[in-house]
Amino acid sequence: MATTTAKKTAKPAAGPQIRRTQLFIDNHWVDPIDGGSFETYNPANGHPIASVAAAGAKDVDRAVRAARRALESGPWSTMDAADRGRLMARLADLVEQNADELAALESLNCGKTIADSKGDVEGVCNTLRYYAGWADKVEGRTIPVRGNIFCYTLRQPVGVVGQIIPWNFPMLMLAWKWGPALACGNTIVMKPAEQTPLTALRMAELAQEAGLPAGVINILNGMGETTGAAIVNHPDVDKIAFTGHVDTAKIIQKAAADTLKRTTFELGGKSPNVVFADADLDAAVAGAFHAIYFHGGQCCTAGSRLFVESSIREEFVERLAEKAKGRLIGDPLDPKTEQGPQVSQEQLDKILHYVQLGEKEGARLITGGERVGTDGFFVQPTIFDNVRDEMAIARDEIFGPVVSVLPFEGVDEVIDRANRTNYGLAAAIWTRNLDKAHLFAKKVKAGTVWVNCYHVVDSNTPFGGFKMSGQGRENGEAALEHYTELKTVTIKLG
Ligand code: ADP
């Protein structure tokens, strides 16, 4: 097996302080009534960091009641929309003031490099500010109906929203969900991922400091099958916004059917990243590298299916492998580190299992494929060449630093093959030919298409999936629709 020269960087100084581990309900820090607790770990060494409170069904009920009260009768329910926006902007300022601490906490718990965590904190501020601006711009319409009738529409909050988020971008996913929910006047019961419970608790503290009224935001950590399911099953939760695995989304959608809750889903992907021979190859190599190895491949938009035009495949793979071998893997809190650990033993095992499968199915391992060290959950950046579309490594979402290189000959062929997947989150093309770029953008079945770039996502760009990559859109104006109910008011005039 080939190996990379990637090595572990030195250990950094002490990590950030853990301030809160309890449940956050109605602006109070409380112990669970019927939950329990669980350990959260540092993926860089596998050691526990803290014991965190887990919410049981009774705790979920407490939080939902608080959120309902805040929605129906608290100061939030009568607050001017512009003031809601001001509170959100204040929260963004507080996040900015505490950026270093939040970033360090994220890196400690999630394994993200400190540079990436700082980028995420910036994204959190951008998202909160973007939606703060929307708070007083959520408008209805007047409708010219027949007869002496005055008709208008109102956009009102959906109500109490249950928000369930994953471990790969804990704070950013929180902001993507808080932003539109708060702008539209909803109240929130959120469950962070069990792997990464800590930054949401710090964000709750900051939300309270910003002046968000009691009950508007409630944070309940815990397991998916218990805490998450209790939120989904609660009859007084109006909507579930979920980001995570497609199999979990299926469970949630079935459970939500009982109370006909509104649901939005942002799920996985197996995104095609297509490189034509006419592309700027320096940019395409760097882009393909970033597409798969950003956050160790733990990204739902990861460019894990790398289609390379046959005439440049050999050179392209060589250059990609060269970069992969030089990647500096190590403690995420060390600023020199380029790739931190995978989030958990489970993810590490899953990745190594797919490496074995790839070799068994006859793909050629060019570089990587092994664990780095024995402490923590580090994996080498891995490249498989000679991959065929039907192989497991080309079909399944691995959620790790493993790229499958698939050769192709022409634009029609590659579009057809790019679309042969149940997923449809993102796709990218590298070319200097405008015709090819536009054809691809039109025909590829994906919620986001990048041309000569990758992973470019902003607070104002709608984000979500075709097919089994999701339902609904986050970010931008598009998200507001999913956090409002549309009411038609019809008045007979005298
Ligand atoms: P991953 O495989 O990336 O961990 P999951 O879909 O399992 O993705 O987790 C995403 C989020 O969904 C986490 O917060 C997790 O606790 C939650 N979750 C998992 N199972 C359920 C469930 N049955 N009901 C509600 N939430 C769940």
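The values are calculated or read from the model by the stated rules, or taken from the named source; none is laboratory data. Because the structure is a prediction, the values reported are computed rather than measured. Quick reminder, even Gly has a Cβ in these numbers, built from the backbone with ideal geometry, and neighbours come from all protein chains shown. With ligands, DNA and RNA removed, areas are computed over all heavy atoms of the protein, side chains included. Shrake-Rupley method; radii C 1.70, N 1.55, O 1.52, S 1.80 Å.
Residue by residue, here is whether (1) in contact (Cβ under 8 Å) with a residue 60 or more places away in the chain; (2) in contact with a Gly (Cβ under 8 Å, 6 or more places away or on another chain) holds:
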| site | (1), (2) |
| --- | --- |
| Gly424 | yes, yes |
| Thr431 | yes, no |
| Lys443 | no, no |
| Val457 | yes, no |
| Pro462 | no, yes |
| Gly476 | no, no |
| Leu480 | yes, no |
| Leu493 | yes, no |
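When each of Thr248, Thr263 is tested for being in contact with a Lys or Arg (Cβ under 8 Å, 6 or more places away or on another chain) and within 13 Å of the ligand (Cβ to nearest atom), the lone residue that passes is Thr263.
Only a single item in (1) over 20 Å from Glu266 (Cβ atoms); (2) within 16 Å of the ligand (Cβ to nearest atom); (3) open to solvent by 20 Å² or more (accessible area, probe 1.4 Å); (4) hydrophobic (A, V, I, L, M, F, W, C) is not met by Ala214, and it is number (2). Residue count for the range 229-245 under the criterion of being farther than 18 Å from Ala181 by Cα, touching an Asp or Glu at 6+ places or on another chain (Cβ under 9 Å) and near the ligand (Cβ under 8 Å from one of its atoms): the result is 2.
Under the condition of being of a type in the set (Val, Ile, Thr) and open to solvent by 10 Å² or more (accessible area, probe 1.4 Å), the residues counted in the range 382-402 number 0. Among the residues of the range 179-195, those identified as within 15 Å of the ligand (Cβ to nearest atom) and open to solvent by less than 10 Å² (accessible area, probe 1.4 Å) are Ile188, Val189, Met190, Lys191, Pro192, Ala193. Only one of the listed residues (Val414, Val451, Val405) is in contact with a helix residue (DSSP H, G or I) (Cβ under 7 Å, 6 or more places away or on another chain), among the hydrophobic types (A, V, I, L, M, F, W, C), open to solvent by less than 50 Å² (accessible area, probe 1.4 Å) and modelled with pLDDT of 95 or more. That residue is Val405. Any chance you could count how many residues in the range 273-319 are touching a Phe, Trp or Tyr at 6+ places or on another chain (Cβ under 7 Å), over 16 Å from Cys453 (Cα atoms) and open to solvent by less than 20 Å² (accessible area, probe 1.4 Å)? Selection size over the range 273-319: 2. From the list Leu365, Leu357, the one residue that fits, being in a strand (DSSP E or B), at pLDDT 95 or above and surrounded by fewer than 24 Cβ atoms within 10 Å (Cβ to Cβ), is Leu365. A count restricted to the range 217-228 and to residues that are over 17 Å from Val30 (Cβ atoms) and either more than 11 Å from the ligand (Cβ to nearest atom) or touching a Ser or Thr at 6+ places or on another chain (Cβ under 9 Å) (or both) stands at 2. Taking the range 162-198 as the range and being farther than 20 Å from Lys239 by Cβ and among the polar types (S, T, N, Q) as the test, the residues that pass are Asn168, Gln195, Thr196. The set of residues in the range 251-260 that are within 9 Å of the ligand (Cβ to nearest atom) and of a type in the set (Gly, Ala, Ser) contains only Ala255. Asp238 meets each of the listed conditions (1) on the phi < 0 side of the Ramachandran plot; (2) open to solvent by less than 10 Å² (accessible area, probe 1.4 Å) apart from (2). Inspection of the range 196-207 finds a residue satisfying the criterion of being more than 7 Å from the ligand (Cβ to nearest atom), among the hydroxyl-bearing types (Ser, Thr, Tyr) and part of a loop (DSSP other than H, G, I, E, B).
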